[in-house]
Structure formats: C-alpha cells, structure tokens
Amino acid sequence: MATALGGRGALRLRLLLSALKSGTRVPLARPAAAFGTSVTSTKVAVNGVHLHYQRTGEGEHAVLLLPGMLGSGETDFGPQIKNLNKKLFTVVAWDPRGYGHSRPPDRDFPGDFFERDAKDAVDLMKTLKFKKISLLGWSDGGITALIAAAKYPSYIHKIVIWGANAYVTEEDEMIYQGIRDVSKWSEKAKKPLETLYGYDYFSKTCEKWVDGIKQFKHLPDGRLHERFNGSFADYRGGLSSSLMFQNPSRMNAFAHDPHTLM
C-alpha cells in the first residue's frame, strides 16, 4: 500500500502509526531534584463524563499532553511524563472521552468531535484549578490543541504540535482507508492498543475514527481549519509547529530542553 501511495503518502502513513511502535528509547534519568518519578492517576467529572488523567511535577507552568488517534496519556507520552522537568512544570496527560481509561462512554465522532475534545481538555484543566496552561499535542491531539488555542486564547500560554493535520485530501482518505481493518496492522503496531482496549473495541473504534476523520474532506478543500477560521486573531501565545517529529518518543530531546515553552 505504501508503494502505491507514493513517497508523501507513505510518510503520512508512517506518521499516523509511528506512535504505536514499541521499543522507544528513553534518555538517561537526570537528578531526582529535577526529574521525579511520582505520578498520580485518577478521574474527575467534566462535562458529564469522567475523564482520566495522570499528573506529575510541581512547577508553576502547567502543561497538558494531548494524545493522538486511539491513544492515551500513558501510551503516547511515557517519556514526557517521566522526563519533563518536575520543578519547572506540572504535567497532566489526559485520556480524551472514549479513549484510554476515560470510559464509559464509548468513543464517537460527531462533526464537532475536535471542538468537543478541546472544550473537555480546557475544562479539565480549569477543574484542576490551573489559571493558565500550555499544550503539547500529537496527531489528533495537535488538532485539538490548535482548536483550544483558537477558542480559548486567554487561557492558553503556548502550544507545541507535531504530526497534526490542517486539511484532509484524497490521498489522506486513501491512507485512512488503508488502516481501517486493524487485522492488517503489524503485530507491533496493534498489540499496545489491543491490550488497552480489547480487540472488539479497538477494531470498531478505529473504523469509526476513519469515518469521523473522512467527514472533514467535505469541507472546502478538505480544510479542517475552516471550522475555526479567524479565531487565531485573538491568540497571542507561542506556537511551535514541530512537524518534523514522527512520534512522541522523538520529543525526548524536548524533555531536557524546555525553553520552547518558557
């Protein structure tokens, strides 16, 4: 399939699935004063659902980690949860509704699911009493981060995104259709998600995700940003578009060089 899609299509497919690969390398731990290991895991009621999140660190700068397609804070951001400086940052890694341990409800994909995730994410952090936050978003989480920054500009300090979409093309639709059947995924790619969800939920949710993301192709030129066009006029924070990173494990370097968010 990658050959048929050409170089760009193959790259997009690798980007989409790369976060699911095992064997990520974690840098050597720094002194405990900066890199502690205490992580709390709990749920809180937000917008009618119970959202699961992990929290670590005691810094004044609150950072929310937003996972990608079918992902969770734990599966997508292990290196960041472990290695981001706990003295500079308070790190929260959440599971969007229907993903990870934020179930029930089952995940669904109405036309406004990115906006819904953005509101859930912001309201979660407000429930946790953070006055202002920064966002690190991977894949779908990057789209959610952009929408959150556009819709809640006074609440978002800075954002870092990678592997996110601004539009859906014909080629993208082919790529998404190619991953619809999870039985065709490599064992390495599907095992973490099958372990997390069970095969039936994993399979059905992937199919629903494909249908959900394809609906944006029917927007003008397939542009996701049409959903919140113009809103960035009010956003005065910082944006780092780190699209060169192919998966969250490549953000290990950022964990030890936090100046992007300073």
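Structural remarks
- Unique match (being in contact (Cβ under 8 Å) with a residue 24 or more places away in the chain, over 18 Å from TYR99 (Cβ atoms) and assigned to a helix (DSSP H, G or I)) among ALA189, ALA150: ALA150
- Selection status of THR40, of a type in the set (Val, Ile, Thr), modelled with pLDDT of 95 or more and under 18 Å from the mean Cα position of the chain (by Cα): no
- The single residue among PRO104, PRO110 that is part of a loop (DSSP other than H, G, I, E, B), under 23 Å from LYS214 (Cβ atoms) and either out of contact with any Ser or Thr (no Cβ under 9 Å at 6 or more places or on another chain) or among the polar types (S, T, N, Q) (or both) turns out to be PRO110.
- Selection of the stretch 179-223 for residues being of a type in the set (Ser, Thr, Tyr) and within 24 Å of PRO104 (Cα to Cα) yields THR195, TYR197, TYR199, TYR201, SER203, THR205.
- In the set LEU84, LEU64, only one residue is within 27 Å of PHE216 (Cβ to Cβ) and of a type in the set (A, V, I, L, M); that residue is LEU64.
- Of everything listed in (1) on the phi < 0 side of the Ramachandran plot; (2) free of Cβ contacts under 8 Å to residues at least 24 places away in the same chain, the single unmet condition for MET125 is (2).
- Considering each residue of the stretch 143-155 in turn, at least one proves to be crowded, with 18+ Cβ neighbours inside 10 Å, in contact with a strand residue (DSSP E or B) (Cβ under 6 Å, 6 or more places away or on another chain) and over 25 Å from THR40 (Cβ atoms).
The values are calculated or read from the model by the stated rules, or taken from the named source; none is laboratory data. Fair warning: this is a prediction, and the values are worked out from it, not measured in the lab. When we count neighbours, we look across all protein chains shown, and the Cβ atoms used for this are built from the backbone with ideal geometry, even at glycine.
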